[in-house]
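Visitor: First, the structure itself, so that you have it in front of you.
The values are calculated or read from the model by the stated rules, or taken from the named source; none is laboratory data. Since the structure is predicted, the reported quantities are computational estimates derived from the model, not experimental observations. For neighbour counting, all protein chains shown are included, and Cβ atoms are generated from backbone atoms with ideal geometry for every residue, glycine included.
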Amino acid sequence: GGNVAENAGGPRCLKYGVTREYVLGLETVIKEGKVIRTGSQVLKDVAGYDITKLLVGSEGTLGLFTEITLKLIPKPKARMTALATFDNLETVGKAVSKILTSGIFPSALEFMDRDAIRAVEDFKPVGLPKDAEALLLVEVDGHPNAVKEEIAEVGRILQQLGAKVQVAKSEEEAQKLWTARKNLGPALGNLKTGKINEDIVFPRIYLPEALPKLREIAKKYGLLMVVFGHIGDGNLHVNFLYDKSNREEEEKAERAVDEVFELALSYHGSITGEHGVGLTKRKFLKWQFGETGYEILKGIKKLFDPKNLFNPGKVIEF
Ligand SMILES: Cc1cc2nc3c(=O)[nH]c(=O)nc-3n(C[C@H](O)[C@H](O)[C@H](O)COP(=O)(O)OP(=O)(O)OC[C@H]3O[C@@H](n4cnc5c(N)ncnc54)[C@H](O)[C@@H]3O)c2cc1C
């Protein structure tokens with residue numbers, strides 16, 4: 001229920017999509033205990049408005065799911081991972097575009113900036129170069145023969161752009177590379193006592209421009225900022241770190257976050273790709289939807305839950 005309500009996603013959404021892509025139908029309890037069945041068990045269904053898609057990602061604010069019908073797919077037979085390190089940030093955005101327009105469809109394309117690399121290496125070293133400006137982790141999956149060819153092609157593309165590339169030779173080596181990405185959460189906890197972690201999304205075409213602009217925001221406020229995330233789908237986790245006992249620094253982090261959202265929206269992006277709106281991003285939802293769009297959201301909430309009983313106070317100011 002939680003995964004569907006949050007429309008959860010992760011690194012492999014680049015190829016496989018978010019939870020919403022897999023929900024074919026729902027049984028949901030809404031206002032006055034009424035039960036609605038939406039969607040069906042078929043792959044094509046254009047009957048009426050797509051209420052199933054509306055309910056997925058509604059953060060528990062429209063109703064309670066009591067039955068979920070999911071589409072399942074087989075697991076891929078093979079996976080391979082490559083690590084590429086860069087000495088400048090602009091090239092990373094270009095590399096993402098080059099890979100995604102090459103005809104190869106990676107299962108994951110993850111990004112870590114300079115400070116993310118340093119944080120992980122200081123926490124539990126896996127041998128990443130601490131002088132690199134950024135890195136990309138690229139995973140391809142599918143038939144074993146195709147996977148070998150594709151990872152070699154990805155390596156060639158990245159090398160042509162000046163990146164240093166290492167292809168994991170075994171599953172164990174690949175896991176070691178992914179450990180760096182997975183250790184980021186605890187590694188950041190080691191740097192400062194406070195953290196604001198946002199997950200904005202940019203249209204991928206603007207990444208070469210937007211990445212340096214994020215750095216400018218951090219510089220303007222004199223804050224330590226760590227950026228990592230699912231760059232293949234333009235979804236970046238922007239973390240501002242501050243000392244919890246320093247109210248001035250915390251306020252700076254809050255102002256910097258406002259600017260980060262403004263930046264994402266100025267590029268026709270989104271304020272959140274995974275974390276959802278909840279309480280803390282309610283104000284920014286209005287920025288993204290505009291006045292009329294926000295009224296529509298409120299109208300939907302009222303239609304499903306006029307007494308504001310489902311997860312009250314979240315997403316919409318009622
Ligand atoms: C450490 C951590 C890491 C995370 N990483 C990611 C990530 O990488 N990507 C990502 O997308 N998300 C991430 N999340 C958020 C994630 O989407 C949700 O926490 C998770 O999917 C919710 O599942 P849950 O079973 O824990 O739900 P819960 O926490 O129980 O519920 C979450 C919400 O769903 C609603 N809900 C629960 N059950 C139902 C139901 N049956 N019907 C209607 N509404 C319901 C609740 O009202 C609540 O608002 C992370 C969260 C944490 C704590």
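Visitor: Those residues that are assigned to a loop (DSSP other than H, G, I, E, B) and under 23 Å from residue 96 (Cβ atoms), I need them from the range 223-276; list them, please.
Guide: Scanning the range 223-276 gives 234, 267, 268, 269, 271, 273, 274, 275.
Visitor: Does residue 306 meet the test of being touching a residue at least 60 places away in the same chain (Cβ under 8 Å), farther than 25 Å from residue 110 by Cα and away from the ligand (no atom under 16 Å from the Cβ)? Steps first, please.
Guide: On the way: touching a residue at least 60 places away in the same chain (Cβ under 8 Å): yes; farther than 25 Å from residue 110 by Cα: yes; away from the ligand (no atom under 16 Å from the Cβ): yes.
When the stated conditions are applied, residue 306 passes them.
Visitor: A further question follows. Outside the structural domain of residue 110 (by TED's automatic domain parsing), surrounded by fewer than 22 Cβ atoms within 10 Å (Cβ to Cβ) and either at pLDDT below 95 or within 20 Å of residue 105 (Cα to Cα) (or both): is that true of residue 206 in this structure?
Guide: Judged against the criteria, residue 206 is a match.
Visitor: Continuing with this model, one more query. Being under 29 Å from residue 183 (Cβ atoms), in contact with a Phe, Trp or Tyr (Cβ under 7 Å, 6 or more places away or on another chain) and among the aromatic types (Phe, Trp, Tyr): is that true of residue 240 here?
Guide: So residue 240 fails the test.
Visitor: Determine the pairs where a residue that is small (Gly, Ala, Ser), located within the range 273-288, has a partner that is crowded, with 16+ Cβ neighbours inside 10 Å and part of a helix (DSSP H, G or I) with Cβ atoms under 8 Å apart, the partner being 6 or more residues away or on another chain.
Guide: 273/233; 276/6
Visitor: Would you check which residues across the range 187-197 are outside any loop (DSSP other than H, G, I, E, B), in contact with a strand residue (DSSP E or B) (Cβ under 8 Å, 6 or more places away or on another chain) and within 20 Å of residue 117 (Cβ to Cβ) and list them?
Guide: 188, 189, 195, 197
Visitor: Could you pull out the residue among 150, 173 that is acidic (Asp, Glu), surrounded by fewer than 21 Cβ atoms within 10 Å (Cβ to Cβ) and assigned to a helix (DSSP H, G or I)?
Guide: Just one listed residue meets the conditions, 173.
Visitor: From the list 43, 14, 26, exactly one residue is surrounded by fewer than 13 Cβ atoms within 10 Å (Cβ to Cβ) and more than 8 Å from the ligand (Cβ to nearest atom). Which is it?
Guide: Result of the check over 43, 14, 26: 43.
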